[in-house]
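Student: Here it is, the structure, as structure tokens.
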Amino acid sequence: MYADSFPGKASKGSVQIKNSNGRLQLVFSYAGKRYYLSLCLSDTDLNRRVAERKAAWIEDDIFKERFDPTLDRYRPEAAVKNSTPVFTPKPEPQMSMLDLWQQYTEFQKAHLEETTIVRDYAAKSRSGFVSFLSKA
């Protein structure tokens, strides 16, 4: 009978799904304050089911007294931010492989005999290894 007297009023602790300009929004009250949560979803059957689940989640949190008044826990951005790995692109190498090989050879000159440098490192240069590096 009470619901018939006020057909537009929701029961205490319930979350309503509202279409706002073709987008789904959750509307509810908690502790005397009105909350609006945009889901960033268009109003389709599938998205309505997603909204119903989110509404049930909020209702459950209100019932269990663990509601987040900042709404961060329920925002779509929070879910994406928490589940998406951070991708850091690798910087492009600043030098070619040939430059790196030449630097390595220069570094080794301080530690090795000159004959070793000539025999092993020059052999690599003659064998086409250095020309292979210049193409990489």
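Student: Looking at the stretch 13-38, I want the residues that are farther than 17 Å from Asp61 by Cβ and have a partner that is loosely packed, with under 14 Cβ neighbours inside 10 Å and of a type in the set (A, V, I, L, M, F, W, C) with Cβ atoms under 8 Å, at least 6 apart or on another chain. Which pairs are those?
Tutor: Partner pairs satisfying both residue conditions: Arg23/Cys40.
Student: Okay, next question. Tell me, which residue of the stretch 39-54 that is of a type in the set (Asp, Glu) and touching a residue at least 24 places away in the same chain (Cβ under 8 Å) is least open to solvent (accessible area, probe 1.4 Å)?
Tutor: Asp43
Student: Something else now. Taking Trp57 and the conditions (1) surrounded by 15 or more Cβ atoms within 10 Å (Cβ to Cβ); (2) part of a helix (DSSP H, G or I), which numbered condition does it fall short on, given that it satisfies the others?
Tutor: Status for Trp57: all satisfied but (1).
Student: Could you please let me know if Ala79 is within 30 Å of Gly32 (Cα to Cα) and either at pLDDT 75 or above or in contact with a helix residue (DSSP H, G or I) (Cβ under 6 Å, 6 or more places away or on another chain) (or both)?
Tutor: Answer is no for this residue.
Student: When the residues of the stretch 1-29 are filtered to those that are of a type in the set (Phe, Trp, Tyr) and at pLDDT below 90, which remaining residue is most open to solvent (accessible area, probe 1.4 Å)?
Tutor: Selected residue: Tyr2.
The values are calculated or read from the model by the stated rules, or taken from the named source; none is laboratory data. Small disclaimer: the values here were computed from a predicted structure and weren't measured. Virtual Cβ from ideal backbone geometry, glycine too; neighbours counted across all protein chains shown. Ligands, DNA and RNA are stripped out before the accessible areas are found, and what is left, the full protein with its side chains, is counted by its heavy atoms. Shrake-Rupley method; radii C 1.70, N 1.55, O 1.52, S 1.80 Å.
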